[in-house]
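Working notes, beginning with the structure itself.
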Amino acid sequence: MSHSSTYSIVSPEPGTKEIHLLGCWKIDCPTPPFSEIFQEVDSTCKKISIRTDALTNWDSLLIVFLTQLVELCGQHGIETDLSQIPDGAGQLLHLADTGREKDIVPATQPSGLRAGIGQAAMRLFASGRDMATFTGDIIIELIRIMRGKSYFRTRDFFYFIQNCGAQALPIVSLISILVGVILGFVGAIQLGMFGAQIYVADLVAVAMVLEMGAMMSGVIMAGRTGAAYAAQLGTMQVSEEIDALQTMGISPVGFLVLPRMLALILMMPLLCVYADLLGIIGGTFIGVTMLDISPIEYLRQTRQAITLDQCSQGVIKSVVYGVLVGFSGCYQGMRCGRSASAVGESTTKAVVMGIVLIVVSDAIMTMLFNFFKIGV
């Protein structure tokens, strides 16, 4: 193995030079001076191609050399072709180029109503494009997982299942019981005016199964898990861990995003059913204590009030909420900026985006279920 950094220059055609890098290009090897290289490049040269077929080993020395070579070629108006360099070196060059400070040219920002509308439309278009790109990356990685070609860590997947499943039970239990109690209390006051206290069981059961169980679980997970996903991925962006994964050829979507999203999607239906049961228990407490209804009678009325189609409707909604909350948290985390304040902003945006998408999707699904007479 050669332990020196050498090169050779050939001219495959007029106006084109090929620089073949030879030997070991590591930090402890001396680099040929640029003046020596450009002495062999005449004024008629318009393009320089870098070939690394005979390269035995390399590290950051090669990146520094190529970066300086590209800059010098640019100063002399010479095009550089780096398509033949190693993939890892190409990614490092791309990161070095994007990380370099750009000259900021102050520009006068247009003002006025029309300018504001135009800028808002441009931001909306850019956000839609980013979301479509992110969705496409998720679909591609899902296909790669099914083909066994993605860096999907099963250990991380089970960790996130525990995090958004078992560890979320206390807060889901508290909120669900209280929602059932509130629904039962409101129903007891209103229905008691007509002597129809027994129908409190119908009110609580139908409300929990159709809407409140799935929605409250989704809102809780948006504030708890969606925000955590955004903060975790945003911190990785700040510390350049995601850039490191890309440099090593590992897709951040398959390695970081999919374990989180799939775990949340899998746990949301279970949390929804759990919330439905606890909400009914909360309503039972009100019916037994305030309305003097026996537990057996209350549960019999509850069983008659709900159907399997209604339960399925709530479970389907919970799956959709899981997709939306996981997508919101991971999307905002992956597009986070490079500062501590950006992490906080992405976390806030993840929660707001998740809750808004839950409400909008609930309205759409409710209309669709009513249109197709599902659970009605």
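Brief remarks on what is shown
Here is a yes/no grid of residues against (1) surrounded by fewer than 22 Cβ atoms within 10 Å (Cβ to Cβ); (2) hydroxyl-bearing (Ser, Thr, Tyr):
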site	(1), (2)
270	yes, no
279	no, no
297	yes, no
303	yes, no
306	yes, no
309	yes, no
318	no, yes
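- Here residue 214 clears all of (1) surrounded by 22 or more Cβ atoms within 10 Å (Cβ to Cβ); (2) over 30 Å from residue 301 (Cβ atoms); (3) not acidic (Asp, Glu) except the condition numbered (2).
- Cβ-Cβ distances below 7 Å connect the following pairs, each with a first residue in the range 247-260 that is under 17 Å from residue 226 (Cβ atoms), a second residue that is of a type outside the set (Ser, Thr, Tyr) and outside any helix (DSSP H, G or I), and a separation of six or more residues or different chains: 258/152; 259/152; 259/153.
- Residues in the range 118-145 that are at pLDDT below 90 and farther than 30 Å from residue 255 by Cα were compared, and the one that is surrounded by the fewest Cβ atoms within 10 Å (Cβ to Cβ) is 120.
- Exclusive hit being among the hydrophobic types (A, V, I, L, M, F, W, C), in a helix (DSSP H, G or I) and either in contact with a Ser or Thr (Cβ under 6 Å, 6 or more places away or on another chain) or within 30 Å of residue 370 (Cβ to Cβ) (or both), set 262, 270: 270
- Residues that are among the aromatic types (Phe, Trp, Tyr) and assigned to a helix (DSSP H, G or I) were ranked within the range 336-373; the one that is farthest from residue 214 (Cα to Cα) is 371.
- In the set 60, 83, only one residue is at pLDDT below 80 and closer than 30 Å to residue 336 by Cβ; that residue is 60.
- If you go through the range 13-45 and keep only what is at pLDDT 75 or above and buried (at least 17 other Cβ atoms within 10 Å of the Cβ), you end up with 17, 18, 19, 20, 21, 22, 23, 24, 25, 45.
- Condition check for residue 244: in a helix (DSSP H, G or I) and out of contact with any helix residue (DSSP H, G or I) (no Cβ under 8 Å at 6 or more places or on another chain): yes
- Any hit, the range 160-181, residues being under 26 Å from the mean Cα position of the chain (by Cα), farther than 19 Å from residue 210 by Cβ, among the aliphatic types (A, V, I, L, M) and loosely packed, with under 13 Cβ neighbours inside 10 Å: yes
- For the range 280-288, the condition of being at pLDDT 95 or above, part of a helix (DSSP H, G or I), of a type in the set (A, V, I, L, M) and out of contact with any strand residue (DSSP E or B) (no Cβ under 8 Å at 6 or more places or on another chain) holds for at least one residue.
- Check on residue 220, β-branched (Val, Ile, Thr), more than 20 Å from residue 157 (Cβ to Cβ) and buried (at least 19 other Cβ atoms within 10 Å of the Cβ): yes
The values are calculated or read from the model by the stated rules, or taken from the named source; none is laboratory data. Computed from a prediction, not measured in an experiment: that's the story for all the values here. With ideal geometry, Cβ positions are generated from the backbone for all residues, glycine too; neighbour counts draw on all protein chains shown.
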